[in-house]
Amino acid sequence: MSTSYDAVIFDSDGVIVESPSKQTFQRAVEQTFGNFNLSHPRRADLRAFVTQNVQAIKDLSDRYQVDLHELCQEAASQALREQKREFKEGLRSLYDDVVSLRSLDLSLGVVSDNQHSLVKYALEYSGLRDWFDTVYGLEFTPNGLHRAKPSPYYLNKALSDLDTTDALYVGDRARDVEAANNAGIDSVLLCRSGDSIKCGVAPTYVVSSLCAIPRLLE
């Protein structure tokens, strides 16, 4: 299949590196609540942080009478600490098929909804930072959470850095496909498990491994 893309941009979690465990986020939220002397978080409280639902987090801060910015800052700090621990303890690592990206002779980038500092840490820890020309992650702040995918905000910044509008975005969730569509670029939906993923917008391509990406660009 002949293509004329100038760049390929990748999501991080679930695409380049394994996703953080539910237990990791649970510990981070529990520690956050403890540091504010709040009661044990409810399931809905945990979901608010995991899904990055800024309105739900705001409602939570109002209910517990905690400053929203301070709550987000503490949650971000705890999530960063817990995720770094996963890498250091060998509980989370690169996917084996990432090595196939070395054969790509075009600009590469990363745009993730995980925290920017964690995305950079994961790439540096794994020895991959030099593979990518631009890297963006989310700022876990009230304003930053509004820029989470399917918003094309960070994809557009990456496209600007790479000086192209002709790129391919590789993600593993429906919101990744939607973000690519909102940025006006093609998308690859990575289904590692082989299970179908329901998307409101059809992806340009569907693959089960990153090994398929170089073949798409031939």
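The values are calculated or read from the model by the stated rules, or taken from the named source; none is laboratory data. What you see is a predicted model; the values in this text were computed from it and never measured. Positions of Cβ are backbone-derived with ideal geometry, glycine not excepted, and every protein chain shown enters the neighbour counts.
Selection of segment 130-170 for residues being farther than 14 Å from LEU108 by Cβ and among the aromatic types (Phe, Trp, Tyr) yields PHE140, TYR153, TYR154.
Regarding segment 57-71, can at least one residue be identified that is among the polar types (S, T, N, Q) and more than 24 Å from LEU210 (Cβ to Cβ)? Taking every residue of segment 57-71 in turn, at least one turns out to be among the polar types (S, T, N, Q) and more than 24 Å from LEU210 (Cβ to Cβ). For segment 25-51, a residue qualifies if it is in contact (Cβ under 8 Å) with a residue 12 or more places away in the chain, surrounded by fewer than 19 Cβ atoms within 10 Å (Cβ to Cβ) and within 19 Å of the chain's Cα centre (by Cα), and the qualifying residues are GLN26, LEU46, VAL50.
Rundown of residues vs (1) touching a residue at least 12 places away in the same chain (Cβ under 8 Å); (2) surrounded by fewer than 16 Cβ atoms within 10 Å (Cβ to Cβ); (3) in the same structural domain as GLY171 (by TED's automatic domain parsing); (4) assigned to a loop (DSSP other than H, G, I, E, B), yes/no style:
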residue	(1), (2), (3), (4)
ALA75	yes, no, no, no
ALA79	yes, no, no, no
GLN83	yes, no, no, no
ASP105	no, yes, yes, yes
LEU118	yes, no, yes, no
ASN143	no, yes, yes, no
SER160	no, yes, yes, no
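For segment 52-70, taking the residues that are more than 21 Å from the chain's Cα centre (by Cα) and hydrophobic (A, V, I, L, M, F, W, C), the one that is farthest from ARG147 (Cα to Cα) is identified as VAL66. Just to be sure I understand, how many residues within segment 181-201 are in a loop (DSSP other than H, G, I, E, B) and either closer than 17 Å to PRO214 by Cα or not hydroxyl-bearing (Ser, Thr, Tyr) (or both)? Residues meeting the conditions: 11.
Filtered by the rule that a residue be of a type in the set (Phe, Trp, Tyr) and touching an Asp or Glu at 6+ places or on another chain (Cβ under 7 Å), segment 146-169 gives a lone residue, TYR169.
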